[in-house]
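Accompanying notes for the structure given below.
The values are calculated or read from the model by the stated rules, or taken from the named source; none is laboratory data. Remember, it's a predicted structure, so these values are computed and weren't measured experimentally. Reconstructed Cβ throughout: ideal geometry from the backbone, glycine too, with neighbour counts over all protein chains shown.
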Amino acid sequence: MDLKLEVVVIPVGDVDKAKAFYEQLGFRLDADFSKDDRYRVVQVTPPGSQASIIFGKGVSTEASGSAQGLHLIVTDIEATREELVARGADVSEVWHDADGAFHHAGDANRVAGPHPERASYGSYLSFSDPDGNGWVVQEVVTRAPGR
């Protein structure tokens, strides 16, 4: 079997505000269509990604902003942070975990700055969209075998 992740649905309250936010971050607009005043779908794709996100009106029953822990990977966490900030995102500082494992946002193991050896899977930053959907960006320079 060959399964590929295509789309992740995220719940938003204001479709136009979410669309503007993701486009401002450089996500490619793939689709924006309505069937009627109760249904609208917007699909955007992060730069370099093959998987997209969808949001809109009538596409999710989840509470607006309830998607958390959405992960993006990059090869240079510090350059990515600078670009996200320049594009208007409210981005955390870069951090790594003292024990080398990812922990949730409030964990005491979080240490400021990138991983000391810039190890793949070792450095993170985070941001939220206008609705509060939470994103984690992780630095991956060399993928581990099988990933």
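Does Ala98 satisfy being in contact with a strand residue (DSSP E or B) (Cβ under 6 Å, 6 or more places away or on another chain) and exposed (fewer than 13 other Cβ atoms within 10 Å of the Cβ)?
yes
Being over 18 Å from the mean Cα position of the chain (by Cα), aliphatic (A, V, I, L, M) and at pLDDT 95 or above, is that true of even one residue in the range 2-16?
Looking through the range 2-16, none of the residues is over 18 Å from the mean Cα position of the chain (by Cα), aliphatic (A, V, I, L, M) and at pLDDT 95 or above.
Report yes if Pro11 is touching a residue at least 60 places away in the same chain (Cβ under 8 Å), touching a strand residue (DSSP E or B) at 6+ places or on another chain (Cβ under 8 Å), assigned to a loop (DSSP other than H, G, I, E, B) and not small (Gly, Ala, Ser), otherwise no. Step through it out loud before you land on a result.
On the way: touching a residue at least 60 places away in the same chain (Cβ under 8 Å): yes; touching a strand residue (DSSP E or B) at 6+ places or on another chain (Cβ under 8 Å): yes; assigned to a loop (DSSP other than H, G, I, E, B): yes; not small (Gly, Ala, Ser): yes.
So Pro11 fits the description; yes.
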